[in-house]
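Enquirer: For reference, the structure I am asking about is given below.
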Amino acid sequence: MAKIVRLDPIGQETSVPTNDNLLSALLKNELKVLHECGGRGMCATCHIFIKDGMEHLSPMSRRERRTLGVITTCKLNSRLACQSKVMGEGVVVELPAGMYLSDVSDIESLIGRRAEENILHPLDGRVLVEAGKLITRSMISQLEETRSDVSTHLANSQLV
Ligand code: FES
């Protein structure tokens, strides 16, 4: 049977088949959730906050706990959408503010512009560039380095 989940960012309710994960519910509603690691519980890009109904989600696995442990914006109500299966009614989800670095398709084009929203690290969720800050060339090389570190990290973890 399906369960109703509320997506706070867009003030919408959606029906999720019992035991389906929250990531599919978010994607189905066209919410921008990167799922950089492909739903393996290893990145920050599907990090969400559960505003209500945490008890109606599947319990946290060791891997999810470990990944949340490195996410700097993690709170008591944090979960990874790809690892959270919906078991009951009344779950309310909120997304962290900002965009993940991996979602910026052309970093170079940001030079000389102000960040429209916080740019976040795809593995630990930390703010790399604050919203409103002018993006300089030196920032760009750091961002590019971060981006390649992240791909290497995720590629290596595929082997584990
Ligand atoms: S998609 Fe990477 S942890 Fe969920």
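The values are calculated or read from the model by the stated rules, or taken from the named source; none is laboratory data. From a predicted model like this one, the values you see are computed outputs, not experimental measurements. Virtual Cβ from ideal backbone geometry, glycine too; neighbours counted across all protein chains shown. Please note that ligands, DNA and RNA were not included when accessible areas were found on the heavy atoms of the full protein model with its side chains. Shrake-Rupley method; radii C 1.70, N 1.55, O 1.52, S 1.80 Å.
Enquirer: Can you report the number of residues in the stretch 61-74 which are surrounded by 16 or more Cβ atoms within 10 Å (Cβ to Cβ) and without any contact (Cβ under 8 Å) to a residue 40 or more places away in the chain?
Expert: So the answer is 3.
Enquirer: Report whether or not GLU64 is under 17 Å from GLY125 (Cα atoms), within 11 Å of the chain's Cα centre (by Cα) and either in the same structural domain as ARG126 (by TED's automatic domain parsing) or among the acidic types (Asp, Glu) (or both).
Expert: no
Enquirer: Identify, by number, the condition in (1) in contact with a Pro (Cβ under 6 Å, 6 or more places away or on another chain); (2) within 11 Å of the ligand (Cβ to nearest atom); (3) modelled with pLDDT under 95 that THR45 doesn't meet.
Expert: With respect to (1) in contact with a Pro (Cβ under 6 Å, 6 or more places away or on another chain); (2) within 11 Å of the ligand (Cβ to nearest atom); (3) modelled with pLDDT under 95, THR45 is out only on (3).
Enquirer: Would it be correct to say that GLY125 is within 22 Å of ALA25 (Cβ to Cβ) and not assigned by TED's automatic domain parsing to the domain that holds LEU23?
Expert: yes
Enquirer: Residues in the stretch 23-39: is at least one open to solvent by 10 Å² or more (accessible area, probe 1.4 Å), assigned to a strand (DSSP E or B), outside the structural domain of ALA155 (by TED's automatic domain parsing) and within 16 Å of the ligand (Cβ to nearest atom)?
Expert: no
Enquirer: Limited to the stretch 100-120, what total is found for residues that are in contact (Cβ under 8 Å) with a residue 40 or more places away in the chain and either touching a strand residue (DSSP E or B) at 6+ places or on another chain (Cβ under 7 Å) or under 10 Å from ALA131 (Cα atoms) (or both)?
Expert: Summing the residues that are in contact (Cβ under 8 Å) with a residue 40 or more places away in the chain and either touching a strand residue (DSSP E or B) at 6+ places or on another chain (Cβ under 7 Å) or under 10 Å from ALA131 (Cα atoms) (or both) in the stretch 100-120 gives 3.
Enquirer: Could you please find all residues in the stretch 11-22 being open to solvent by 20 Å² or more (accessible area, probe 1.4 Å) and away from the ligand (no atom under 16 Å from the Cβ)?
Expert: Hits for the stretch 11-22 are GLY11, GLN12, GLU13, SER15, PRO17, THR18, ASN19.
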